[in-house]
Amino acid sequence: MAKNFTKLSKQVMLAVKSGGPDPATNYKLKVAIQNAKSMQMPKENVENAIKKAMSTESVAFSELAYEGYASHGIAVYVEAATDNPTRTVANVRLSFSKCGGQLGNSGSLSFLFDKMSMFKFPLNDLDRDELELDLIDFGLTDLEIDEDEDGNKHATVYTTFTDFDKMNKHLESIGIEPDEAKSVFVPNDYKEVTDEQAEDVIKLIERLEEDDDVLAVYTNMK
């Protein structure tokens, strides 16, 4: 949990540095705060991250992306934010190597992924078909419904990256506060693997996610 809070704090700080400390005018910060809230991050931690980002002595982070192949030809796209790119790329390269993969050149695999906006929220009493019709005018490209162990249904809404603000404002206007709202990289084609092969890829994903500098890991594994 502490590791998750470290990454969430970094996302809040990045948002503040890019758009200021007011979530009312900085949608990136508003989203980062929403995500922190959904992960049960204490309000005090969020406030401290904002103050730290505004400090003249705050650390400067670079937002970077790394691309490579896991074992069995699975493409991997890694988002990171770091105050030491040399350290981070060394750690990412070692993770690929230790797990039978190989780090590639920047831009070598980005064509396999589309940058999208994603929103997750409880479906509650909403009708799927009505929701889908309503959201189409605000950039909806895909709507997925899943059910957890307790039978609660959740909706995952995808839009193009540029439609983030439009969809976010509309959801807010109809009383929906997403548990998650962020940009993601969605594969435009998936590769099937066996259960054993999937385990090999998951080992790499888990190792990468253990790194405090890594914010998200995406693959085209089906």
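Yes/no matrix, rows are residues, columns are (1) part of a loop (DSSP other than H, G, I, E, B); (2) over 27 Å from Asn4 (Cβ atoms); (3) of a type in the set (Phe, Trp, Tyr); (4) at pLDDT 95 or above:
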position: Gln34; (1), (2), (3), (4): no, no, no, no
position: Lys37; (1), (2), (3), (4): no, no, no, no
position: Met41; (1), (2), (3), (4): yes, no, no, no
position: Ala49; (1), (2), (3), (4): no, no, no, no
position: Glu67; (1), (2), (3), (4): no, no, no, yes
position: Val78; (1), (2), (3), (4): no, no, no, yes
position: Gly107; (1), (2), (3), (4): yes, yes, no, no
position: Asp134; (1), (2), (3), (4): no, yes, no, yes
position: Glu144; (1), (2), (3), (4): no, no, no, yes
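Looking at (1) of a type outside the set (D, E, K, R); (2) at pLDDT 95 or above; (3) surrounded by 14 or more Cβ atoms within 10 Å (Cβ to Cβ); (4) over 13 Å from the mean Cα position of the chain (by Cα), which one does Tyr158 not meet, given that it meets all the others?
(4)
Just name the residue that is farthest from Gln102 (Cα to Cα) out of those in segment 171-211 that are touching a helix residue (DSSP H, G or I) at 6+ places or on another chain (Cβ under 7 Å) and part of a helix (DSSP H, G or I).
Per the criteria, the residue is Gln197.
Given the conditions (1) closer than 19 Å to Tyr158 by Cα; (2) in contact with a Phe, Trp or Tyr (Cβ under 9 Å, 6 or more places away or on another chain), and given that Gly101 satisfies all but one, which numbered condition is not satisfied?
It fails just one condition, (1).
Considering every residue within segment 57-78, establish whether at least one is without any contact (Cβ under 8 Å) to a residue 12 or more places away in the chain and surrounded by fewer than 20 Cβ atoms within 10 Å (Cβ to Cβ). Can you show your working first?
Residues of segment 57-78 without any contact (Cβ under 8 Å) to a residue 12 or more places away in the chain: 57.
Next, from what is left, pick out any that are surrounded by fewer than 20 Cβ atoms within 10 Å (Cβ to Cβ): 57.
Looking for residues that are without any contact (Cβ under 8 Å) to a residue 12 or more places away in the chain and surrounded by fewer than 20 Cβ atoms within 10 Å (Cβ to Cβ), one finds at least one in segment 57-78, hence yes.
Determine, yes or no, whether Asn188 is of a type in the set (S, T, N, Q) and crowded, with 17+ Cβ neighbours inside 10 Å. Walk me through how you get there before you give the answer.
Working: of a type in the set (S, T, N, Q): yes; crowded, with 17+ Cβ neighbours inside 10 Å: no.
It is false that Asn188 is of a type in the set (S, T, N, Q) and crowded, with 17+ Cβ neighbours inside 10 Å.
The values are calculated or read from the model by the stated rules, or taken from the named source; none is laboratory data. Note that the coordinates shown come from a computational prediction; the quantities given were computed from them, not determined experimentally. Note that each Cβ is placed from the backbone with ideal geometry, even for glycine, and that neighbours are counted across all protein chains shown.
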